Amino acid sequence: MNLEYFFSLLLGGLTRGSIYALIALGYTMVYGIIKLINFAHGEIYMIGAFTALIIGGALALTGLNPVLIFVIASLAAIIYSAAYGITIEKIAYRPLRNAPRLSALISAIGVSIFLQNYVLLAQTSDFLPFPNLLPSLKFLAPVEHLISTSQFLILVSTTVVMVLLTILIKFTKMGKAMRATSQDKDMAQLVGINVDKVIMVTFLIGSATAALGGVLISSHTGQINFYIGFIAGIKAFVAAVLGGIGSIPGAVLGSFVLGLTESFGTGYISSDYEDAFAFIILVLILIFKPSGLLGRKENEKV
Amino acid sequence: MFSIKELKRAFLTSLWFMFLTFPLLVMKVNTITDTVIWRWMNLLYVGVGTFFLSILWKYLLERRDAKGSDSTKNPFNEKISKYMKNKRVKTSAIVALLLIVIIYPFIMSMYQTSIMTTALMYVVLGLGLNIVVGFGGLLHLGYAAFYAVGAYTYGLLFYHFGISFWICLPLGAFLSAVFGILLGFPILRLRGDYLAIVTLAFGEIVRLILENWNDFSFGPSGIANIPRPDFFGQKLRLAQVTNFTYFIAIGLTILTIVLIRRMESSKMGRAWEAMREDEIACQSMGIDITKAKLTAFSMGAVWAGIMGVLFAAKTTFINPASFTTWESIVILCVVVIGGMGSIPGVIVGALIFILTPEYLRAFSQYRMLIFGIALVMMMIFRPGGIIPKIRRSYKFSTDSKETQEGEA
């Protein structure tokens, strides 16, 4: 129980939290706007990680500068995931926009099954080692054994993404349109907002941040397989619910609470039940405060 | 038939998909040996495939939108139900079906019988989940947990006390129902998406406990050497026991169908349906939502428990890997693709779902891929499933005391 152990757990928790936050943003934004749990969101994250692995692995053979390769691979992952995100929205969710919510949810499960098996068949079911492209830290001399480059990168890029997203939502025209659409889709359409475009942009941003999370965590853990999206997606969803689904600061707060709980739970209680912590938190929060930590209470209407 | 504009659009779609699938389908990187395998043929397949599919997709969407809200009606289905109203046709159909079912294991190989038993187990599981999802409208993603409860009931009770299959069968059902109520209580207030996610969490928690609580469940190694069902205390040979298990499955399937049909039209069943349509309106009509939800969960769980016991007896080995969330999702697929709320739909759905991959071995690795697509297409083009539910209407007749059933 020394201090160093505590700090490594704290950092581990913050790293996990950041990754959950990057994925949870997509869930919460999509839910906020079209009230759909995008079950396939975890798969988008997985596809981001795979794209980065493929592009990065192929470029590594050319002998380019590793950092440059990492940047190119991340960009490719972000572009591809965003493309997948908007394609899925167009094919599987748009035709169901006026259907019962159960239909859209089942359609999302279908997409999730499809994408997992698509990657499984196109690539492999084995764990693939993610190429090690990042140089080790030199500038944080006293604590460099505590924090790795990838952890540092995860914390920094999550912060940057959060700030950019806040600016986008609070101060730009698109952000205003998104807020309006999430409040009332029909009314937004009446005042001249292109709802289809807003939803597309939402999927695009959510998928892009998920892909970034996928690339960062794979370079941190060093291996990926086709199944990583499922459990990460569920946990990010738990984080979004924990913070209050639909609320962006809530998603970030929920992610950090979940990340820290898991990290300290596995560190001090038992590592066997690593995944169970998320589910137990989920059940508890839904029983005692269904609207989440920062969520608003919604009144039911008949 | 197709204008130039549409062809151009299909061409652009296929280009888009070629772009999308490029890194995943064309390149295969091995980061250990540092080699890249290029599979350019895949790009061609995707391009040509999506070109035609996008034309088909467009056509289907247009047809759906032109048809409007009446898309759940189906002339074929209505014809069948009209025939089925005729008593003589109905009885002879049932007798013929029974004959086929009884002869089946004697003319088919042991392997075929075994597959059929599995398919029948999914019929019952589907019908059980159908109570929760189809009748009650509660999306349940943790159904495999109840299946696990049944299987472990038999496994553990036999291991510790040597209790036989026939005693465990009702015990498994009972324990499963208890678990259904236990799950039901905390989530009474939840609905829709939240409910789906909590049931998923419940399923995962049960699986994680089974996997990690070694003293209780023997962890990932599971329980082996569970005996197959015995016939009045007599041990049977393997071929006989396969047939016997098949007949048990048939018996349980028939029992399930009869009981669920009765349940559907009972007061409880109608309360479930009202709950599915609108919870708040249903509550204001004086229906006890708490009771309706708890009965739906526990009645659904009963079948999973029974099938769990049968599963343990059939495979003689259980471990947590058989009860993952994917198992729940497969059962959900059976219900949704067959037709939510429709009993014949679920039966047909389960038979198609389990038997086709067995007979089309070449396609079996694409099984889940195809089911993923099928779920999406089903929701978009045929939300009612293969055999959609026919809504019953109940009339109060003045000349007899009973309420009569009619089909509207």
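Is at least one residue of segment A:228-236 facing chain B (nearest Cβ under 9 Å) and either assigned to a loop (DSSP other than H, G, I, E, B) or more than 30 Å from A:L121 (Cα to Cα) (or both)? Scanning segment A:228-236, I find no residue that is facing chain B (nearest Cβ under 9 Å) and either assigned to a loop (DSSP other than H, G, I, E, B) or more than 30 Å from A:L121 (Cα to Cα) (or both), so the answer is no. Do you know which of the residues in segment A:99-122 that are surrounded by 20 or more Cβ atoms within 10 Å (Cβ to Cβ) and more than 7 Å from every other protein chain (Cβ to nearest Cβ) is farthest from the chain's Cα centre (by Cα)? Filtering first and then ranking leaves A:A104.
Of all residues in segment A:123-137 being hydrophobic (A, V, I, L, M, F, W, C) and touching a residue at least 60 places away in the same chain (Cβ under 8 Å), which is farthest from the other protein chains (Cβ to nearest Cβ)?
Ranking the qualifying residues of segment A:123-137, first place goes to A:L134.
Only one of these is touching a strand residue (DSSP E or B) at 6+ places or on another chain (Cβ under 7 Å), within 30 Å of B:P220 (Cα to Cα) and in the same structural domain as B:S217 (by TED's automatic domain parsing): B:I331, B:I354, B:I318. Name it.
Numbers: B:I331 fails: touching a strand residue (DSSP E or B) at 6+ places or on another chain (Cβ under 7 Å); B:I354 fails: touching a strand residue (DSSP E or B) at 6+ places or on another chain (Cβ under 7 Å).
Step by step, each of B:I331, B:I354, B:I318 is checked, and only B:I318 is touching a strand residue (DSSP E or B) at 6+ places or on another chain (Cβ under 7 Å), within 30 Å of B:P220 (Cα to Cα) and in the same structural domain as B:S217 (by TED's automatic domain parsing).
Does segment B:44-55 contain at least one residue that is in a helix (DSSP H, G or I), surrounded by 15 or more Cβ atoms within 10 Å (Cβ to Cβ), out of contact with any strand residue (DSSP E or B) (no Cβ under 6 Å at 6 or more places or on another chain) and at the interface with chain A (Cβ under 8 Å from one of its Cβ atoms)? No - not one qualifying residue is present in segment B:44-55. Of all residues assigned to segment B:95-102, none qualifies as being under 30 Å from B:K5 (Cα atoms), of a type in the set (A, V, I, L, M) and modelled with pLDDT of 80 or more.
The set of residues from segment B:136-169 being without any contact (Cβ under 8 Å) to a residue 60 or more places away in the chain and open to solvent by 50 Å² or more (accessible area, probe 1.4 Å) comprises B:H160, B:F161, B:I167.
Scanning segment B:219-240 for residues that are aliphatic (A, V, I, L, M) and surrounded by fewer than 19 Cβ atoms within 10 Å (Cβ to Cβ) yields B:A224, B:L236, B:L238, B:A239. Among the residues of segment B:307-322, those that are in a helix (DSSP H, G or I), open to solvent by 10 Å² or more (accessible area, probe 1.4 Å) and either of a type in the set (S, T, N, Q) or modelled with pLDDT of 90 or more (or both) comprise B:F311, B:T315, B:S322. Among the residues making up segment A:147-158, those that are part of a helix (DSSP H, G or I), open to solvent by 30 Å² or more (accessible area, probe 1.4 Å) and touching a residue at least 40 places away in the same chain (Cβ under 8 Å) are A:L153, A:L155.
The values are calculated or read from the model by the stated rules, or taken from the named source; none is laboratory data. These numbers come from a predicted model, not from an experiment. Neighbour counts run over all protein chains shown; Cβ positions are idealised from the backbone, glycine included. Note: areas computed on protein heavy atoms with side chains; ligands, DNA, RNA excluded. Shrake-Rupley method; radii C 1.70, N 1.55, O 1.52, S 1.80 Å.
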